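A quick write-up on the structure given underneath.
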Amino acid sequence: MSFLRKKQRRRESQEQELNLIPVMNLFVCLVPFLLLTAAFVKLGGVDLELPKAASGEAVKENEKSNEVDLIVQLDGSRIMLTGYEKGFTNEIENLRSEFNVDSPEKLAKFLTEVSLGSRKLNASLFKASPQTRFEDAVKVLSVLRKHEALKSVVLATDRVN
Amino acid sequence: MKKKRRQRPKTSPLMLTPMVDMLTVILIFLIVHYSPETAKIKKSADIKLPMSELSLKKVPRIQIEINDQHIQFNGLALDGLNPSDAHSASWKPLSEALARGSVKKDEPILIMADKNTSFVYVDRTVGHLAANGFSEVYFLTEQDKKAKEGN
């Protein structure tokens, strides 16, 4: 009799269930922490330079460079692009172009064509009219910033007294 | 005398296995999406960010949120500063906040604004930052799904 009870006790100890309480404790701690810090929307950013008081070196007149500086003006939905020789000295006539903010890929394509030609892109100066929406400005700035050939994108602002 | 057998109350065991399965899936999902950098951004919930394909590699310490009524500096509204006022005297609170925060001139500043905000307010804010000697700003955006890896 006692031998049968011993056998039953041995079987019971072997059939012990998995203890899930420590696992549950871990989940109860980790899940709220990760929920609070979870990023369901991926954030990005457009990095820009601001104009400095004395910017760049003065380009000497007798030094000819094939580098091009651009001025990009956004007025409502119109993007107006003007090209200048390095240092914003002389305007390059055949680089004057106009685009629509709803098709920024045309601006990107134009920049690629210029950079593949005889001239190299240097810096770009961006200016937007007051009625421009922030979203449209970011759209154009993203195209400029993303273009590998442009060395820098400077945000031109109104003078502050 | 017959002894009354005590009947054990019938209790069904708590089935923890499905709950653990569910929590495991949720945990793996959250670990994959864990991003401590974006948790540092103090942005208002009602702001809808513009889209961009560019990524944000590092979150700047100084964060300025702009709308047409007020400007927030690291989550705190700057009293007395109305972005629609172009007079430089009314922008003193921004200069004072930058001075209090011991912000270095070469430190980048994160600018956040709703996509429908008029650019004039952003322009004025950035203008005052440039006048205070700051040289680098980041515009916070929502990353486009078409963004390439490593951008």
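The values are calculated or read from the model by the stated rules, or taken from the named source; none is laboratory data. Predicted, not measured: the structure shown is a model, and the values here were computed from it. For neighbour counting, all protein chains shown are included, and Cβ atoms are generated from backbone atoms with ideal geometry for every residue, glycine included. With ligands, DNA and RNA removed, areas are computed over all heavy atoms of the protein, side chains included. Shrake-Rupley method; radii C 1.70, N 1.55, O 1.52, S 1.80 Å.
How far, in nm, would the chain grow between B:Glu142 and B:Asn74 when pulled straight, counting 0.36 nm per residue and subtracting the alpha carbon separation? So the extension gain works out to 22.6 nm. Between the listed residues A:Val72, A:Ser118, A:Ser152, the Cα displaced farthest toward the positive end of the dipole of the stretch A:67-155, a dipole computed from Cβ unit charges relative to the Cα centre, is found at A:Ser152.
Only Cα pairs under 8 Å and 6+ residues apart enter the sum, and on that basis the relative contact order of the stretch A:67-155 stands at 33 percent.
Put a plus charge on the Cβ of each Lys and Arg, a minus charge on the Cβ of each Asp and Glu, and nothing anywhere else: the dipole of the stretch B:27-111 about its Cα centre is then about 360 debye. Counting only DSSP beta bridges whose two residues both lie in the stretch A:67-155, roughly 55 percent are antiparallel. Taking Cβ atoms as reference points and 11 Å as the exclusive limit, the residues near A:Asn122 contribute a net charge of +1, counting Lys and Arg as +1 and Asp and Glu as -1. Counting, for every residue in B:43-53, the Cβ atoms of other protein chains within 10 Å of its Cβ and taking the mean gives 4. Mind checking how much accessible area A and B bury in total, 1.4 Å probe, in Å² rounded to 100? Buried area between the two chains comes out at roughly 4300 Å².
In plain terms, the chain from A:Gln131 to A:Asn94 could stretch by 10.5 nm, reckoned as 0.36 nm per residue minus the Cα-Cα distance. Ranked by the mean number of other Cβ atoms within 10 Å of their residues, highest first, the peptides B:24-34, B:51-61 come out as B:51-61, B:24-34.
Taking the 1.4 Å solvent-accessible surface of the stretch A:67-155 as the whole, the part contributed by carbon and sulfur is 47%.
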